[in-house]
Amino acid sequence: MNQSAAAADTGHRRRPAPPLDRRGYVGGRLDMDVASAAQIDSLPGVTPLMARRIVADRMARGPFMTADGMRRVIGVSPGFLKQLDNLITFSGTFIQSSPSDTIIPKRRRGRGNK
């Protein structure tokens, strides 16, 4: 008998993992409790400064747990959260952040921009 048949016979089945699109994303939404500043900066209406504030606050105080928890970050308003509501989620996951989580690569600009 193969291993999967044995697992089925004993009633032990692998539980499917939550749908992770890639690091920091769950079910197509950005997990604000683990996302890097670069990932947060990619959200519409989020500036690099705001993305760094969000990550710095999370590094200092731990995960946000809910959208309401993000209101502790300077500049995060109810309107800001409403704009992002269908794009973000909160897992409550505590991760040890690294300095690289705060880096936002510079965007390339077109010839007409300075």
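No value in this document is a laboratory result; all are computed from the given coordinates. Keep in mind that this is a model prediction, so the values were computed, not measured.
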Along each principal axis of its Cα atoms, how long is the stretch 19-92 end to end? Whole angstroms, biggest number first, please. 31, 24, 21
Per the rule of 0.36 nm per residue minus the C-alpha distance, extending residue 103 to residue 74 adds in nm 8.5 nm
Could you give the distance between the Cα centres of the stretch 71-92 and the stretch 41-65, to the whole Å? 10 Å
